[in-house]
Amino acid sequence: MDQAQNNDLKGFKYARWIALTGLFMGINIIMSSFGIPVPGGHLYLCDLIICTAALLFDPLSAFIVGGIGSFVGDILFYPAPMFVSLVTHGLQAAVISLIVNSKFGRNKKTHFITALIATLIGAVIMVVGYTLGKIYVYSTFEYAMVKLPYEIAQALLGVVGSLFLCFKLGLIKIFKRMEYE
């Protein structure tokens, strides 16, 4: 392959990286705008998108989708916890992506187990981050504790849903065929 073709290929991969990161960030913003009503609160589907993006993308893209996407969603729809969302969801997505993109995570035999462990660690980051953030933003420990079951349910919804999308429905295989990795 000559230098011109190599440069074209790099430009194409970079454009695809921007487009897919932007697409997932937009989906995250949309999913953070409405929740599934449950008795006493709401479950938001943004964790499903954040965990899916973290399983598919590199850590920078995952941080952009999770952190910046949640931050923008909060600015538009509910600005009080926007900085909590930036840090918590950004860290959650980056850690999941770092784990699944590690040498151990790329092993075909252990890929699903690694993804499961990574998303569970991300769920813990999200629950702890939002609980501490709500204590700070709303200045009450009690409010954070009342919302804790909803945070746990939302995090587990993200874990189960992202693993289902990536492994059962084959999103990872589709991304590999696109030579995204």
Report task. Test A80 against the criterion of being crowded, with 20+ Cβ neighbours inside 10 Å and either of a type in the set (A, V, I, L, M) or in contact with a Phe, Trp or Tyr (Cβ under 7 Å, 6 or more places away or on another chain) (or both), and give yes or no. Result -> no
Report summary line: Restricting attention to the stretch 158-181, the residues that are among the aliphatic types (A, V, I, L, M) and at pLDDT 95 or above number exactly 4
Query raised in the report: Given A153, A123, which one is at negative phi, within 12 Å of the chain's Cα centre (by Cα), at pLDDT 90 or above and surrounded by 14 or more Cβ atoms within 10 Å (Cβ to Cβ)?
Result: A123
**Report entry** Flag for I99 being of a type outside the set (D, E), touching a Gly at 6+ places or on another chain (Cβ under 7 Å) and closer than 24 Å to F164 by Cα
**Finding:** yes
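Listed here are the residues, each with its yes/no results for (1) within 26 Å of W17 (Cα to Cα); (2) touching a Phe, Trp or Tyr at 6+ places or on another chain (Cβ under 8 Å); (3) surrounded by 16 or more Cβ atoms within 10 Å (Cβ to Cβ); (4) at pLDDT 95 or above.
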position	(1), (2), (3), (4)
G35	no, yes, no, no
G41	no, yes, yes, no
C51	yes, no, yes, yes
L55	yes, no, yes, yes
G73	yes, no, yes, no
S102	yes, no, no, no
T114	yes, yes, yes, no
Y130	no, no, yes, no
T140	no, no, no, no
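Table: residues versus (1) buried (at least 20 other Cβ atoms within 10 Å of the Cβ); (2) closer than 16 Å to G133 by Cβ; (3) not hydrophobic (A, V, I, L, M, F, W, C).
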{"position": "D58", "(1), (2), (3)": "no, no, yes"}
{"position": "G66", "(1), (2), (3)": "yes, yes, yes"}
{"position": "S70", "(1), (2), (3)": "yes, yes, yes"}
{"position": "L76", "(1), (2), (3)": "no, no, no"}
{"position": "K108", "(1), (2), (3)": "no, no, yes"}
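The values are calculated or read from the model by the stated rules, or taken from the named source; none is laboratory data. All values derive from a computational prediction rather than experimental measurement. Positions of Cβ are backbone-derived with ideal geometry, glycine not excepted, and every protein chain shown enters the neighbour counts.
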